[in-house]
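All remarks here apply to the structure that follows.
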Amino acid sequence: MRFFVLAAALLLSTSALAEFVPEAVSMPKPVYPASLTNTQGHARISLNIHNDGSVSDVKALSATRPEFGVAAVEGAQQWRFKPWTVTAERLAVLEAQNDMIFTPEPPRKESEQLTFTQTTYQSCSALNEEVVQFRRDHPSRPLIQMKSFAITRVAVMFPALSGKSDYNESLVQADELENALPEIVKKCQANPTATYAKYLPRNLRRYL
């Protein structure tokens, strides 16, 4: 069985004087403890964030299993934030807490483990079959919720989700993708030997 850390709560400053929340540059998720099997849990940590972007004094405040506390601390020690200028409102050191949730992930069939590249460069014939099945199973749901299109939307939104581009701009591009889906489906139905990516809007292909 394979495991992953499902989520880490957004960092919240515990300082009553600091309305400012530092921007994360890198917040890698902790590694699921290899010694545990099929166990879900969480850990709460505290840490100090310095104005140079570094962290210190990372401690586990609570954990459903000691292993989760250790993993959470080791993960947070690698975090880095965007440096800031110290002012009356932006303190040199911020005290913070963070909740991390650890969840076991059941193994998936190989056919379900699609990457962005595998999805978008699949043949139109495969996409056509998926559309037919999706319409049969979910006649009232929008096309953007079909697996291949949902994965493509994540690819388009990923730069914003990772902090590398403007979120509002990515939303516009995601809307452009959704609006183009009927035409994409039409073209793929007419050209089953082509690839799905060929019919994506040109300015969206750069995300693939």
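Only the coordinates and a few stated rules stand behind these numbers; no lab work does. The structure presented is a predicted model; accordingly, all values stated were derived computationally and were not measured. Don't worry about glycine lacking a Cβ; one is built from the backbone with ideal geometry, like all the others, and counts go over all protein chains shown.
Loop-located GluC sites (Glu not before Pro) in region 47-91 (DSSP state other than H, G, I, E, B) with a sparse environment of at most 11 neighbouring Cβ atoms within 10 Å: GLU89. The modelled label-to-label distance for the pair SER165/VAL93, using points 7 Å beyond Cα in the direction of Cβ, is 4.0 nm. Would you tally the net charge around TRP84, using a Cβ to Cβ cut-off of less than 12 Å, leaving TRP84 out, and scoring K and R as +1, D and E as -1? So the environment of TRP84 carries a net charge of -1. Within region 123-192, which trypsin sites (Lys or Arg not before Pro) sit in a loop by DSSP and count at most 14 neighbouring Cβ atoms inside 10 Å? In loop regions of region 123-192 (DSSP not H, G, I, E or B), the sparsely surrounded trypsin sites (Lys or Arg not before Pro) are LYS164.
Each other residue within a Cβ distance under 14 Å of LYS187 adds +1 if Lys or Arg and -1 if Asp or Glu, for a net charge of +2. Once C-alpha pairs closer than 8 Å and six or more residues apart are averaged by separation and normalised to the residue number of region 144-200, the relative contact order reads 25 percent. Other residues with beta-carbon under 11 Å from the beta-carbon of VAL156 carry, at +1 per Lys or Arg and -1 per Asp or Glu, a net charge of -1.
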